[in-house]
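Let me begin by presenting the structure, written as structure tokens, before commenting on it.
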Amino acid sequence: MARHFLTLNDFSPDELEALLDHATKLRREWRQGTVRETLKNRVLAMIFEKSSTRTRVSFEAGMAQLGGSALFLSPRDTQLGRGEPLEDSAIVISSMVDAVMIRTFDHATAERFAAASRAPVINALTDTFHPCQLLADMQTYREHRGSIRGGTVAWIGDGNNMCHSYMNAANQFGFNLRIACPEGYEPDAALLQTHAGHTEMVRDPAEAARDAHLLVTDVWASMGQEDEQKAREGAFANYQINPQLMSLADKDALFMHCLPAHRGEEISADMMEHAGSVVWDEAENRLHAQKALLEFLILNPGTA
Ligand code: CP
Ligand code: NVA
């Protein structure tokens, strides 16, 4: 049975820490120009049912840099888009490649694909989770500040897929998560219950930010919610990360955003260049963290 990476819970805390150590090593090696061909002749299939810049470029470049290759599959030109059953597609695609990456809407689609797949399946974002982004975020925090264990992270904004993955991360990496969101935009109730021990819901962004070690946010309207944009702008008006909010946090606090960002909405125009901002390293680390993930899943089938 192949191991999959559909949420952070698919790996143990020790596996996650080892993966991040490896990612940092890969980043260093890559910057030094070391040639690495651990995935020579290996192929990654990439199924994208939603748009992407970082995820597509990082997976495709990552496979190439490890000596392998990646196939971009859009429902517009595969039989998946014409109604071929998901399980049939999963059996066929996974019989020809070494791993599959899927970005889709319903999380159950990724789960069903994985259940029928012979090859490891990676969740590259669903409506409910975005675990690959958390690998990059956790790698970035460690590289700048060391372990996040015992620290406090403030999530400001929508209780969305990124927020859910931060809840999983709080458990797996051992930090406290304060979530500040407007009424009606809370994270999933069942997940909140599961994570009650290390997550706290507040309404006031200032209360969440106070003395926090990391402030994180995301767009107010995620992919698929474009028609809610106007209503969300009203509801989230007080939920912006800006230098004033950052000044309430720990003096060494970092700021992250998975990107793409909407300046003037969830962040002020100057936040990307704030002294605590590590957004560009965070984006680049998608490459290194996922190269570590690909090696982990492809080179240790069933045991990663
Ligand atoms: N952060 C992220 O997943 O970006 P893309 O949508 O560009 O892949
Ligand atoms: N929450 C955002 C993340 C984009 C990377 C979305 O799902 O659109």
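Here are the numbers for this structure:
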{"quantity": "Reduced Cα scattering model of the chain, Debye log10 I(q)/I(0), q = 0.07, 0.09, 0.10, 0.12 Å⁻¹", "calculated": "-0.26, -0.43, -0.53, -0.77"}
{"quantity": "Two-decimal Rg/Rh across segment 109-148, once Rg and the Kirkwood Rh are taken from alpha-carbon atoms", "calculated": "1.16"}
{"quantity": "Degrees, to the nearest 10: 13-32 long Cα axis against longest axis of the chain", "calculated": "80 degrees"}
{"quantity": "Calculated [θ] (222 nm, deg cm²/dmol) that DSSP helices of n ≥ 4 give over the chain, each run adding -39,500 (n - 2.57)", "calculated": "-12000 deg cm²/dmol"}
{"quantity": "Burial ordering of H130, H22, fewest other beta-carbon atoms within 10 Å first", "calculated": "H22, H130"}
{"quantity": "Shape category assigned to segment 1-127 from the gyration tensor of Cα positions, a/c cut at 1.5", "calculated": "prolate"}
{"quantity": "Cα long-axis angle, helix 131-145 against the chain (0 to 90 degrees, to the nearest 10)", "calculated": "60 degrees"}
{"quantity": "Residues of type lysines that K40 reaches as a straight line, Cα spacing below 18 Å, ignoring anything fewer than 8 places off in the same chain", "calculated": "K291"}
{"quantity": "Ranked R232, R31, criterion: other C-beta atoms within 10 Å, fewest first", "calculated": "R31, R232"}
{"quantity": "Theoretical FRET efficiency, 1/(1+(r/R0)^6), r = Cβ-Cβ of M1 and D227, R0 51 Å, to 0.05", "calculated": "0.80"}
{"quantity": "Segment 77-89 - phi-based ³J(HN,Hα) in whole Hz, Karplus 6.51/-1.76/1.60, Gly and Pro as x", "calculated": "10, 10, 6, 4, x, 10, x, 4, x, 4, 5, 4, 4"}
{"quantity": "Reach of K230 by Cα under 26 Å, taken over lysines that are not fewer than 8 positions away in the same chain", "calculated": "K50"}
{"quantity": "Potential lengthening between M96 and E273 on full extension [0.36 nm per residue; Cα-Cα distance subtracted]", "calculated": "59.3 nm"}
{"quantity": "Separation between Cα centres of segment 136-212 and segment 248-304, rounded to whole Å", "calculated": "15 Å"}
{"quantity": "Residue order, fewest to most surrounding Cβ atoms within 10 angstrom, among D218, D77", "calculated": "D77, D218"}
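No lab work stands behind these numbers, since they all come straight from the coordinates. Computed from a prediction, not measured in an experiment: that's the story for all the values here. All Cβ positions, even for glycine, are placed from backbone atoms using ideal geometry, and neighbour counts span all protein chains on display.
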